[in-house]
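First the structure, in the form of structure tokens, and then the observations on it.
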Amino acid sequence: MNTSIDLEPLTVEERSEVLKALSDPNRIEILDMLSSEMRCNCHFQEHLDLAANLLSYHLRILRDAGLIIGTKRGRWVDYTLSVDAPRRISAALPRGLQP
């Protein structure tokens, strides 16, 4: 998992992992919620119609793709977009579609 700015290009496997992370509507919605501010996992439970284990799965996929970072606070976890998320998403696109 990459959570810091990495100037190296993504490997094909990393690009695929990022694109797979973006391929689910629930994960897109989570990223949308995080685009403006840090959110507690309890916020996602309140706003998404997902069982707790399924929410954890989606959050893990986003963490593993390096798109979000979680910080444990007691029994809750606060999530934010990784500093590198925009670059990782852009770098995951096929070369002809990259900005």
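Based on the alpha carbon coordinates of the range 5-66, what radius of gyration and maximum Cα-Cα distance (Dmax) apply, in Å?
Radius of gyration, then largest Cα-Cα span, for the range 5-66: 12.6, 38 Å.
Sort I89, I68 by heavy-atom solvent-accessible area, probe 1.4 angstrom, most to least.
Final ranking, largest accessible area leading: I89, I68.
Under a point-charge model restricted to the Cβ atoms of Lys and Arg (+1) and Asp and Glu (-1), what is the dipole moment magnitude of the chain relative to its Cα centre, in debye to the nearest 20? Provide the component values of the computation, followed by the final result.
Numbers: 12 positive and 14 negative charges, 31 e Å.
It comes to approximately 160 debye.
Using amide H atoms built in the peptide plane, which far-off residues or other-chain residues are under 5 Å from V77 H to H?
Under 5 Å from the amide H of V77 lie the amide H atoms of N41, C42, each far enough along the sequence or on another chain.
The values are calculated or read from the model by the stated rules, or taken from the named source; none is laboratory data. Everything numeric in this text was worked out from a predicted model, so none of it was measured. Using ideal geometry, Cβ is built from the backbone for each residue, glycine included, and neighbour counts are taken over all protein chains shown. Side chains are part of the model used for accessible areas, which takes the heavy atoms of the whole protein and leaves out ligands, DNA and RNA. Shrake-Rupley method; radii C 1.70, N 1.55, O 1.52, S 1.80 Å.
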